[in-house]
Amino acid sequence: NEKNKLVYFNDEYELLKYFTKWRLTIYEQRKTKLIHVMEQRLQKNTEICEFIALVNSGKIKIQNRKKSDIKVDLKQHGLSEDVLSIEISKLTDEEKAALLKKNEDIKNELEYIRNTDIKDMFINDLKDIRKKIKDDFA
């Protein structure tokens, strides 16, 4: 088992119940982690979008300036310094639109994850596995 102990079961159903109960604890952890990661992506993309908008509108100038001065401007606008790592070629309205589209996808996925019970997530994964290996056991 998960505690490295030998466990005996009376029948296969008892084994499956035990495994499923344990597996659902892993799904709970997975769900929590997924939500956290997706929220971080959403936040990062949102900050980059704001940065692009500020640069393109001229509210933040990045050319011919000291990095420390730019960081002061970022702080005033509530942005992290991480946005400075994006490539100059990505400071476009097209990139901003693409990030906004990604954000919508992330929001939809977050809503699905938050609203899906871990038991349903487990069952859906089992169905997917069954579809993928069905031909192997035909």
Hull volume per residue for the chain, using the convex hull of the C-alpha atoms, in Å³ is 187
Per DSSP, the loop-located GluC sites (Glu not before Pro) within the stretch 1-103 having at most 16 other beta carbons within 10 Å are Glu2, Glu87
From most to least accessible, 1.4 Å probe, no ligand or DNA/RNA atoms counted, Arg23, Arg114 line up as Arg114, Arg23
Result for the chain: accessible area per residue, probe 1.4 angstrom, in square angstrom, of 79
For the Gln63, Ala97 Cβ pair and Förster radius 22 Å, calculated FRET efficiency rounded to 0.05 is 0.45
Carbon and sulfur atoms account, in whole percent of the 1.4 Å probe accessible area of the chain, for 52
Here the gain from full extension of Val72 to Lys21, 0.36 nm per residue of separation minus their alpha-carbon distance, amounts to 13.2 nm
With only helices counted (DSSP H, runs n ≥ 4, each -39500 (n - 2.57)), the per-residue ellipticity at 222 nm for the chain, to the nearest 500, works out to -24000 deg cm²/dmol
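The values are calculated or read from the model by the stated rules, or taken from the named source; none is laboratory data. Since we're looking at a predicted model, the values are computed, not measured. Using ideal geometry, Cβ is built from the backbone for each residue, glycine included, and neighbour counts are taken over all protein chains shown. The area values use the complete protein model at the heavy-atom level, side chains included, leaving out ligands, DNA and RNA. Shrake-Rupley method; radii C 1.70, N 1.55, O 1.52, S 1.80 Å.
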